[in-house]
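Presented below is the structure to which this report refers.
The values are calculated or read from the model by the stated rules, or taken from the named source; none is laboratory data. The structure presented is a predicted model; accordingly, all values stated were derived computationally and were not measured. Counting neighbours? That spans all protein chains shown, and the Cβs are built from the backbone with ideal geometry, glycine included.
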Amino acid sequence: MMKTKILTENEIAFAAEQLKRGQLIAFPTETVYGLGADATNEEAVKQVYLAKGRPSDNPLIVHVASVEGVRPFVDEIPEKALKLMTYFWPGPLTIILKIKVNGQLSKSVTGGLDTVAFRMPNHPLTLELIEKSGTVLVGPSANSSGKPSPTMAEHVHHDLAGKICGILDGGMSQVGIESTVIDLSEPDGIPLILRPGAVTKNQLEAVIGTVAFDQHLVGENETPKAPGMKYKHYSPDTPVLMVRDGDWAEAIKAYQNKKIGLLANKIRINQFKNQFSASFMLSETGEIDEAMRQLFAGLRALDEADVDLILVEAYDNQDVELAYMNRLEKAAGKQYFETIPH
Ligand code: TXA
Ligand code: MG
């Protein structure tokens, strides 16, 4: 087993050196931590799939430090894509483009697809790391496959210690859920959102006009385009139930004989004092940005607490709340409080 070092910003040059040698270094981003490796090194990219226990047909996002970083790997950047890059990068938006034939990216990055995903993350340490590495980096979320994405260096250490060379600690991820993924690989088609995130449909449309959700996201049973969306995502061993605003008192009462874990806003935690066994504050104010930031950390914490079930704050299915609900619904297997007989 390899010793996994926690690295600080003074050790970016060391981390970059390790990446050049084909080693794996987890890096901070504004969304979640990524598991970095040289995207042009086939051996290194294979190790990423191994370390995560990830199916090899689920392609990886290539992380760049500038728009220029994309150019060597595509024949062209379509106009709409360039507009989005200019407007949202660095930031939580991943853009899928047609890949250049016989380019330098390792085959395993895309699992044989003719498209490739790019993102420029908004974190100063990671932008410096990419620049110093002299290459571009794959960066799947740095969790074991099936666990929630990590929003702190400690989460990465919990899942991947012994399997990777180091973790660059950049503090807590400020967005908290993974980037919006948009497919622009068909320049004449309508751009498709494959994964909702902090950059919303409305924000995208304000820059490039009409955008649509992939059918899978709007609830029709078609094969999702982002291979990652088809895999079972994190759901704790403990049952998770979503609870809507008006249903809390009833939910707490229904489970009064069980050990309840509460992942909820401050107002509920105060209201139901002593009626639950463990709690994790999702948000002080109830604002969605804060809830999004804490969701994965809360699920991790309460899954390790001694509780029979976890009740989690549900939001509306619109705008940026849609992204939060997309992740929460996966953890809860779509179960709301009132859908469970009691
Ligand atoms: O915020 C993020 O995007 C984080 C941080 C670390 O940057 N990364 C991340 O990577 O979430 P990952 O590998 O956990 O999720 C990537 C998603 C998967 O659902 C994958 O199937 C999809 O993007 N994807 C990647 N390349 C694709 C492609 N060429 N076509 C369609 N979907 C693709
Ligand atoms: Mg992931």
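Screening the candidates Thr135, Thr180 for the property of being within 16 Å of ligand 2 (Cβ to nearest atom) and touching a helix residue (DSSP H, G or I) at 6+ places or on another chain (Cβ under 9 Å) yields one hit, Thr180. Could you please tell me which pairs satisfy a Cβ distance under 9 Å, a separation of 6+ or placement on different chains, a first residue in region 33-54 that is under 15 Å from Phe118 (Cβ atoms), and a second residue that is assigned to a helix (DSSP H, G or I) and of a type outside the set (Val, Ile, Thr)? From residues that are under 15 Å from Phe118 (Cβ atoms), the pairs are Gly36/Ala15; Gly36/Leu19; Gly36/Leu129; Gly36/Ser133; Ala39/Phe73. Restricting attention to region 61-89 and to residues that are within 18 Å of the chain's Cα centre (by Cα) and outside any helix (DSSP H, G or I), the residue that is nearest to Ser145 (Cα to Cα) turns out to be Ile61.
Results for (1) in contact with an Asp or Glu (Cβ under 8 Å, 6 or more places away or on another chain); (2) surrounded by fewer than 19 Cβ atoms within 10 Å (Cβ to Cβ); (3) assigned to a loop (DSSP other than H, G, I, E, B), shown as yes or no for each residue.
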{"position": "Ala26", "(1), (2), (3)": "no, no, no"}
{"position": "Thr29", "(1), (2), (3)": "no, no, yes"}
{"position": "Val32", "(1), (2), (3)": "yes, no, yes"}
{"position": "Thr40", "(1), (2), (3)": "no, no, yes"}
{"position": "Val48", "(1), (2), (3)": "no, no, no"}
{"position": "Pro55", "(1), (2), (3)": "no, yes, yes"}
{"position": "Pro59", "(1), (2), (3)": "no, no, yes"}
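The number of residues in region 110-119 being more than 8 Å from ligand 1 (Cβ to nearest atom) and at pLDDT 95 or above comes to 2.
Quick check on region 109-116. Is at least one of its residues crowded, with 23+ Cβ neighbours inside 10 Å and of a type outside the set (Ser, Thr, Tyr)? Yes, some residue in region 109-116 is crowded, with 23+ Cβ neighbours inside 10 Å and of a type outside the set (Ser, Thr, Tyr). Exactly one residue out of Glu42, Glu30 is under 14 Å from Thr135 (Cβ atoms) and either more than 16 Å from ligand 1 (Cβ to nearest atom) or not β-branched (Val, Ile, Thr) (or both), and it is Glu42. Among the candidates Lys266, Lys330, Lys273, Lys259, which residue alone is outside the structural domain of Thr151 (by TED's automatic domain parsing), more than 22 Å from the chain's Cα centre (by Cα) and within 29 Å of Glu30 (Cβ to Cβ)? Checking each option against the conditions leaves just Lys266.
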